[in-house]
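Here's the structure we're looking at; comments come further down.
What follows draws every value from the coordinates through simple rules; no lab data is involved. Just so it is clear, the model here is predicted, and its values are computed rather than measured. Glycine also receives a Cβ, built like all others from the backbone with ideal geometry; neighbour counts cover every protein chain displayed.
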Amino acid sequence: MDRIRIVGGQKLAGSIPISGAKNATLPLMIAGLLTQDTLILENVPRLADVVLLQRILGNLGVDIMIAGKRAGADPNSGRTIHVSAKNIVDTNASYDLVSQMRASFWVVAPLLARMGEAKVSMPGGCAIGTRPVDLLIMALQDLGAEIEIDGGYVIARTKNGLRGGKIVFPTVTVGGTHTAVMAATLARGTTEIENAAREPEVGDLADCLNKMGAKISGAGTSRIVIEGVDKLNGTRHSVLPDRIETGTYAMAVAMTGGDVLLQNARPELLQSALDVIASTGASVTATNEGIRIARNGGQIAPVEVTTQPFPGFPTDLQAQLMALTSRANGTSHITETIFENRFMHVQELARLGARIKLDGETATIEGVPRLRGAPVMATDLRASVSLVIAALAAEGETTVNRVYHLDRGFERLEAKLAACGAQIERLSA
Ligand code: EPZ
């Protein structure tokens, strides 16, 4: 297994191109199942999760073609993929694949809407929590699906197709909202979703579906209304920039000091996180090209932050903020309200010298003047990258093990950081 070696202490300076969002790309690729025509997605990041989803969709009969680079094209631009679900040959998604990536469970919605049946393995828990799918099942039932759970599989059927209905989510769920939106596009009649997730990735999915001929209004608010249509067509859509990658590099600069332009980043996708970063003492400036983050000298101020659904502070930046505040001049508190077990990075940050105490869902971080490099290991994507950030600001050498977690969600991480002066390299196994 590959490792990443980092020698900390360098300020970051230069520019980092922000990739297309992983968490928008996955539902957009899945939405390709809703039409017989070709869906062309641009700005798709090169990530292990995209490759895995490609395999899962391939098993269902979806043809995916990845366009090569044109001469003169920007080497940092994302890829263009053609998703063509002309013939769906299978409506089953097996445990060995779905258990590797939770989002692949969402295929249940378009399969059911288009084919009238789907048998998809329950994804199971993961390192950040139990992560049930009861609300996704509830949403499909509200649209008239008959659901049975057998042998760890969700078996969903409709006799006469899905019909519009009212879905009221008791908790905000991104995956539940994606599932409900996709299923409702091809249902007969009108669907109303209350307490819908307002995450930008839901808006991106709805924009693409509307270009495909769907009639969705209110995406980006907590009430989404969908008028079902008979069929959807293909379109061309560019994936929105990754707000979590943006926030991650912004926190890296806030921690190491320096001056970096995050190219193509859009402030409105992560305003609450940018406000927190600014409150730690970094300067955050929106420019025509993206977001500029700088910190030149000065201490890192402590923060009080609670993770919330969008537009609140995202859980996917909680680990990175914990790394940043581990070097603050004072004590910070970070409360995690979305996932019950998303603190696996605490023990590893402690190996670098961080002082963090956990009490239920709240972490108390007593800032220390310096961190020191050490071998560390991570258990999920965002936890791994929090260790990278901390290592960039630590004295001496850190090796991060289990790099495959990073490859799931950060495109060309070492190259992007090295281009800004970080001493970082991948050690191949
Ligand atoms: C999405 O996961 C993201 N994944 C996660 O990013 C992100 O952390 C999460 O949303 C929250 O923003 C993708 O987009 C691929 P949820 P999702 O349903 O949709 C509970 C990353 O690192 N819940 O919004 O699975 C659930 O347990 C990943 O990129 C139920 O109780 O998250 C959680 O407490 C990790 N029943 C809360 O809702 C359900 O049926 C929010 O989860 C579904 C969810």
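Details
- Seen from Gly409, the other residues with C-beta closer than 10 Å to its C-beta sum to a net charge of -4, counting Lys and Arg as +1 and Asp and Glu as -1.
- Between the C-alpha center of the range 148-220 and that of the range 290-306 there is a gap of 38 Å.
- All-pairs alpha carbon distance profile, the range 66-148, 10 Å steps from 0, percent: 15, 36, 26, 18, 6, 0
- Selection from Ala422, Gly297, Gln347, by position along the positive dipole direction of the chain (Cβ): Ala422
- If you take the alpha carbon atoms of the chain and fit the smallest convex hull around them, that volume is 130 Å³ per residue.
- Oblate is the label for the range 195-244, because the ratio a/c of its alpha-carbon gyration tensor axes (a ≥ b ≥ c) is 1.5 or higher and a/b is not greater than b/c.
- Dipole magnitude of the chain about its Cα centre (Cβ charges: Lys, Arg +1; Asp, Glu -1), debye to nearest 20: 640
- Formal net charge of residues neighbouring Arg79 (Cβ-Cβ distance under 15 Å; K, R +1; D, E -1): +1
- Equivalent ellipsoid, the range 233-315 (semi-axes from 5 times Cα gyration tensor eigenvalues, Å): 25, 16, 9
- Peptide ranges 110-119, 218-227, 8-17 listed from the most packed, as the mean C-beta count within 10 angstrom indicates: 110-119, 8-17, 218-227
- Cα shape, the range 335-376, gyration tensor, a/c 1.5 rule: oblate
- FRET E, pair Ala278, Asp96, Förster distance 60 Å, beta-carbon r, rounded to 0.05: 0.85
- Other residues with beta-carbon under 12 Å from the beta-carbon of Val376 carry, at +1 per Lys or Arg and -1 per Asp or Glu, a net charge of +3.
- Over the range 133-176, equivalent-ellipsoid semi-axes from the Cα gyration tensor in Å: 18, 16, 6
- Expected 222 nm ellipticity per residue - DSSP helices of 4 or more, -39500 (n - 2.57), all of the chain, to 500: -8500 deg cm²/dmol
- Length added when fully stretched, Gln423-Ala286, from 0.36 nm per residue minus Cα-Cα: 46.6 nm
- The charge dipole of the range 118-162, taken about the Cα centre with unit charges on the Cβ atoms of Lys, Arg (+1) and Asp, Glu (-1), comes to about 140 debye, rounded to the nearest 20.
- Global geometry of the range 122-259, whether rounded, prolate or oblate, following the gyration tensor of its Cα atoms and the 1.5 cut on a/c: oblate
- Net charge dipole size for the range 43-147 [Lys, Arg +1 and Asp, Glu -1 on Cβ; Debye, nearest 20]: 480
- Tail fraction, Cα-Cα pairs, the range 313-429, threshold 20 Å, whole percent: 37
- Which of Ala156, Leu387, Ala197, positive extreme of dipole for the chain (C-beta unit charges): Leu387
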